[in-house]
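Structure first, commentary second.
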Amino acid sequence: VSVMQTGFAFLEAGSVRSKNTTNIIMKNVLDLFIGAIMYFAIGYSFAYGKPGNAFIGHNYFFATNMDENFTYAGWFFQYVFAATASTIVSGAMAERTEFTTYMVYFTFLTGFVYPVVAHWCWSEVGWLKVGMGENTHGLSYIDYAGSGVVHLTGGSAALVGAIALGPRIGRFKPDGTVNDLPGHTVTVAALGGFILFVGFMAFNGGSQLSISNPGDGNVVALSVMNTVLGGASGAIVAMLVYKTTDAIRGEDHYWSLLITINGGLAGMVSMCAGCNDMLPWAAVVIGTIAGLAFMGWHHLMLFCKIDDPLDAVAVHLGGGLAGVLLAPIFVMKGLTSPETQQHVGKNPAYLLIIFGWNLLGAVAIIGWTVAISTLLFGSMKLLGVLRVSEADELRGLDEIKHGEPAY
């Protein structure tokens, strides 16, 4: 999963213009390093610290007061998930964000915003994890590998950031039509896509968190198979929709590699919620819907004049929301307990209750992230420190901010 940062770095580097390559790679490097320090200091404590309450954890700060519940392996796996959530934002805000501002918001997202969501959904006492309580057959929020926890959080923050920043200079023409600002190398972007495709197999398969217990191997294998199928469906659907919709409108129509890659990523994002507990045909269905959701968000962002150079919002918010809402419909066992499956079989209304918890979880995650991100980005914008100057943006951030042009 840690190697996925390499994939993000290549995908983002290839999707921006050459004058901003060093800047975007530097951000991906710091995603790992700043993320490590913040998750060590407070992030893991807020997410999984015991004791804790329904809202937040509060122990293990700076890896102190460790007990049998704290493991180094557990810290590492959860840390790379936190870094992934925050990396999503850098793509949507690429080519125009002040570098110091980036370090501030990334620190805040990794250290506080994401850990609180992780606590709600994955900690034993989190309110979404507990759901309706012990006497209601384990009905609660379903999110095995983070369609909501990781991708809705990252996608929501990315949306707020892109809106607060405004579009890049020249992205939209005076008449409101879209002006393409293509990245400088599709080859590097495609390499990043391939790395992420492989990484998602570990992202979802590894969320079993063990391999030595009876049945672990089957769950991991099912998760990987469903991840591949979901990604394949999303990629093919996005490719076909992009080609046919432009043809129907009478515009130039192409088989887009970048759209295909992002459609595949959206399909894999949608698998995170329930890939360990659904039949393979269900993965194809959900991946197909995620591909359609990706294209819907892609066009909606352009219609609303919101500039997202990486389509990060469409991939992660669109794919994540599809996964969270569809998982309860297709899972076989409810991801909770045999008792849940028994009662669901007797009373189909329980399926609606599980769906309701996931809907509530999606609303809560988006609401929390949007509220905090609005305060964060809004205050930075009011202070005039969110966006680089027009002259710096036109010249490129590599020379201005780093003194190390990529080419």
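What to note about this one:
- Condition met for Val370 (closer than 21 Å to Ser147 by Cβ, modelled with pLDDT of 95 or more and loosely packed, with under 14 Cβ neighbours inside 10 Å): no
- Within the stretch 260-268, one or more residues are surrounded by fewer than 24 Cβ atoms within 10 Å (Cβ to Cβ), within 18 Å of the chain's Cα centre (by Cα) and part of a helix (DSSP H, G or I).
- Entry remark, the stretch 1-29: residues being part of a helix (DSSP H, G or I), of a type in the set (A, V, I, L, M, F, W, C), in contact (Cβ under 8 Å) with a residue 40 or more places away in the chain and open to solvent by 30 Å² or more (accessible area, probe 1.4 Å) number 3 in total.
- Single residue of Phe70, Phe77, Phe40, Phe46 found to be farther than 23 Å from Leu397 by Cα, assigned to a helix (DSSP H, G or I), open to solvent by 20 Å² or more (accessible area, probe 1.4 Å) and modelled with pLDDT under 95: Phe77
- Enumeration of residues in the stretch 2-50 that are in contact with a Ser or Thr (Cβ under 7 Å, 6 or more places away or on another chain), among the aliphatic types (A, V, I, L, M) and within 20 Å of Val117 (Cβ to Cβ): Met4, Ile34, Met38, Ala47
- Scanning the stretch 235-242 turns up no residue that is in contact (Cβ under 8 Å) with a residue 40 or more places away in the chain, of a type in the set (Ser, Thr, Tyr), under 20 Å from Ala282 (Cα atoms) and out of contact with any Asp or Glu (no Cβ under 6 Å at 6 or more places or on another chain).
- Screening Arg168, Arg249 for residues that are among the basic types (Lys, Arg), open to solvent by less than 40 Å² (accessible area, probe 1.4 Å) and out of contact with any His (no Cβ under 9 Å at 6 or more places or on another chain) leaves exactly one candidate, Arg168.
- Of the listed requirements (1) within 29 Å of Ser223 (Cβ to Cβ); (2) open to solvent by less than 10 Å² (accessible area, probe 1.4 Å), Met93 misses just one: (1).
- Sub-7 Å Cβ pairs linking a first residue in the stretch 114-130 that is among the basic types (Lys, Arg) to a second residue that is part of a loop (DSSP other than H, G, I, E, B), at least 6 apart or interchain, are Lys129/Ser123; Lys129/Ser140; Lys129/Tyr141, ordered by first then second residue.
- With respect to the stated conditions, Ala283 is in contact (Cβ under 8 Å) with a residue 24 or more places away in the chain, in contact with a Leu (Cβ under 7 Å, 6 or more places away or on another chain) and open to solvent by less than 10 Å² (accessible area, probe 1.4 Å).
- Hey, Gly192 at pLDDT 95 or above, crowded, with 18+ Cβ neighbours inside 10 Å and either under 29 Å from Glu95 (Cα atoms) or not polar (S, T, N, Q) (or both) or not: yes
- Selection count where residues are among the small types (Gly, Ala, Ser) and more than 16 Å from Val150 (Cα to Cα), scope the stretch 65-119: 3
- For the criterion of being assigned to a loop (DSSP other than H, G, I, E, B) and either within 20 Å of Phe46 (Cα to Cα) or open to solvent by 10 Å² or more (accessible area, probe 1.4 Å) (or both), Gly111 fails.
- Hey, Gly217 surrounded by fewer than 19 Cβ atoms within 10 Å (Cβ to Cβ) and not in a helix (DSSP H, G or I) or not: no
The values are calculated or read from the model by the stated rules, or taken from the named source; none is laboratory data. Treat the numbers as computed from the prediction; the structure is a model and nothing was measured. Heads up, the Cβs are rebuilt from the backbone with ideal geometry, glycines too, and the neighbour counts pull from every protein chain shown. Surface areas here come from the heavy atoms of the whole protein model, side chains and all, with no ligands, DNA or RNA. Shrake-Rupley method; radii C 1.70, N 1.55, O 1.52, S 1.80 Å.
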